[in-house]
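Remarks on the structure that follows.
What follows is calculated from the coordinates using simple rules that are stated; it is not laboratory data. Keep in mind the model is a prediction, meaning the values are calculated, not measured. We place every Cβ from the backbone using ideal geometry, glycine too, and count neighbours over all the protein chains shown.
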Amino acid sequence: MTAVETADLPEALAEIARDFAELPVPERLQLLLEFSEELPELPERYAAAPERMEQVHECQSPLFLVVEVDEDSAPEPGGRRVSLYFSAPPEAPTTRGFAGILHEGLNRLTVDEILAVPEDAPYRFSLADAVSPLRLRGMVGMLSRIKRQTALKSRV
Amino acid sequence: MADSQTQDARFAEYAHPDRLVSTEWLATQLEAGNPDGIVVLESDEDVLLYDTGHIPGALKLDWHQDLNDPLMRDYVGGEQFARVMSERGVGRDTTVVLYGDKSNWWAAYALWVMSLFGHENARLLDGGRAKWIAEGRELTKDVPSPAPAEYPVVDRDDAPIRAFKDDVLNHLGGPLVDVRSPGEFSGELLHMPDYPQEGAMRGGHIPGAKSVPWARAANEDGTFKSRADLEAIYLQEQGLDPAAPTVAYCRIGERSSHTWFVLTHLLGFQNVRNYDGSWTEWGNAVRVPVER
């Protein structure tokens, strides 16, 4: 068991962090694999136009992401809902798994909630022993781009 | 042992033909119930790839978790290596076939680490994981549980095939092969494209190194080029001498393991060392000479 700080994470992300922490190391990899398999398919508007997505260069495999802020979801920009879309090839399951965690933990949260996610959240999933700290930097790169795009796209 | 049957006609021209097996040969062995007790190990860059499906009967060998020391930047010692082999049902004389993603980078790296421990009977699956899948061959998610084998605790013997920074300093003026991308060699890029986390303070190459990106040794399908094609690159074009002590390096030593394999086992170079510290050490070290 690893004690893991989750108080400052959004609830869905905190739950994922607790799930990982409860598992022995080999089973953490299996859970990461499940996240990679559950990453939703890209909607047609991005599948057909990958240039509308941003590449995350910190990942060792090609990963593209884009966020959309739903302007009709709330009057104030900080309360608007954010949708996340990711694209990563099946031969890069670790990268897909990182994307799957962030999708499950952050999709449809509000702008303010996303901007408040701590930068070190990727290190809260007890994955350093299982996948190496070097590989985890890819998830840090994804999170920082999600936050930057959210900030840019929520400005009125 | 399976020696006579691994002699695929395509491999006969190489210096050590028994270091390669073909996908056809491996599939035939597995269909026949693996009569020679081969152990197949998958070694990938992506730590989850094995779990998405692998060659039936294959076990995972992870470069980070199984072969690297968790604290020091070094490989595991004899006891840990013996445990890793034993758990996978590998004895000292077992024929091990290695394969993986990225044109066998990590499989070649694992083979090189096994060679530090003197495990002679280790072979690469020509074309690796990608070729096996492209040919529509069987994959499974079943993880075998082999009976542990007896593996002796042997000391790692680095000197013959591993170079440290001081060895490279003493070797300056001798043949060096830089297998990184042209942008990394020239110093324009401080890291490999798409791998910024493994950067360095200085860009360029070790003085006198010849630039031969690793991928030049591979065909489109990830198999190795013919001996004649390899000789045209490494001997005729680059003027390397199979009898001269040679050092290969890249960024962390995995791509140069691929080239080490080509020079040693396909072209029969007599003394090739892999400098695994590579550019992540040299490009960050104080007062070592750099050429651009």
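The rows are residues; the columns are (1) within 17 Å of A:GLY97 (Cβ to Cβ); (2) more than 10 Å from every other protein chain (Cβ to nearest Cβ); (3) free of Cβ contacts under 8 Å to residues at least 12 places away in the same chain.
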{"site": "A:LEU13", "(1), (2), (3)": "yes, yes, no"}
{"site": "A:ILE16", "(1), (2), (3)": "yes, yes, no"}
{"site": "A:PHE20", "(1), (2), (3)": "yes, yes, no"}
{"site": "A:GLU27", "(1), (2), (3)": "yes, yes, yes"}
{"site": "A:LEU31", "(1), (2), (3)": "yes, yes, no"}
{"site": "A:ALA49", "(1), (2), (3)": "no, yes, yes"}
{"site": "A:VAL56", "(1), (2), (3)": "yes, no, no"}
{"site": "A:PRO62", "(1), (2), (3)": "yes, no, no"}
{"site": "A:GLU68", "(1), (2), (3)": "no, yes, no"}
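Condition check for A:ASP72 on (1) at the interface with chain B (Cβ under 10 Å from one of its Cβ atoms); (2) farther than 30 Å from B:ASP51 by Cα: one failure, at (1). Entry remark, segment B:75-88: residues being surrounded by 19 or more Cβ atoms within 10 Å (Cβ to Cβ) and in contact with a strand residue (DSSP E or B) (Cβ under 9 Å, 6 or more places away or on another chain) number 5 in total. Look at (1) free of Cβ contacts under 8 Å to residues at least 12 places away in the same chain; (2) in contact with a helix residue (DSSP H, G or I) (Cβ under 7 Å, 6 or more places away or on another chain) and you find that B:SER103 fails only one, number (1). Taking helices (runs of 4 or more DSSP H) as the structural unit, those lying wholly within segment A:1-84 and holding at least 2 residues that are under 15 Å from the mean Cα position of the chain (by Cα) correspond to A:11-22, A:25-38. If the condition is being crowded, with 16+ Cβ neighbours inside 10 Å and either touching a His at 6+ places or on another chain (Cβ under 8 Å) or within 14 Å of chain A (Cβ to nearest Cβ) (or both), then segment B:219-252 contributes B:GLY222, B:VAL247, B:ARG251, B:ILE252.
For segment B:243-269, the tally of residues that are in a loop (DSSP other than H, G, I, E, B), touching a strand residue (DSSP E or B) at 6+ places or on another chain (Cβ under 9 Å) and not aromatic (Phe, Trp, Tyr) stands at 4.
The set of residues from segment B:52-96 being within 12 Å of chain A (Cβ to nearest Cβ) and touching a Pro at 6+ places or on another chain (Cβ under 7 Å) comprises just one member, B:THR52.
Condition check ((1) under 16 Å from A:LEU136 (Cα atoms); (2) loosely packed, with under 14 Cβ neighbours inside 10 Å) across all residues:
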{"residue": "A:ALA17", "(1), (2)": "yes, no"}
{"residue": "A:PHE20", "(1), (2)": "yes, no"}
{"residue": "A:LEU33", "(1), (2)": "yes, no"}
{"residue": "A:GLU38", "(1), (2)": "no, yes"}
{"residue": "A:LEU42", "(1), (2)": "no, no"}
{"residue": "A:ARG45", "(1), (2)": "no, yes"}
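For segment B:200-218, how many residues meet the condition of being surrounded by fewer than 21 Cβ atoms within 10 Å (Cβ to Cβ), in a loop (DSSP other than H, G, I, E, B) and within 19 Å of the chain's Cα centre (by Cα)? Residues in segment B:200-218 being surrounded by fewer than 21 Cβ atoms within 10 Å (Cβ to Cβ), in a loop (DSSP other than H, G, I, E, B) and within 19 Å of the chain's Cα centre (by Cα): 1 in total.
The residues on offer are A:PRO77, A:PRO90, and the sole one that is touching a helix residue (DSSP H, G or I) at 6+ places or on another chain (Cβ under 8 Å) and either buried (at least 20 other Cβ atoms within 10 Å of the Cβ) or farther than 25 Å from A:GLU27 by Cβ (or both) is A:PRO77.
The requirement of being buried (at least 16 other Cβ atoms within 10 Å of the Cβ) and within 14 Å of chain B (Cβ to nearest Cβ) is fulfilled somewhere in segment A:100-109, by at least one residue.
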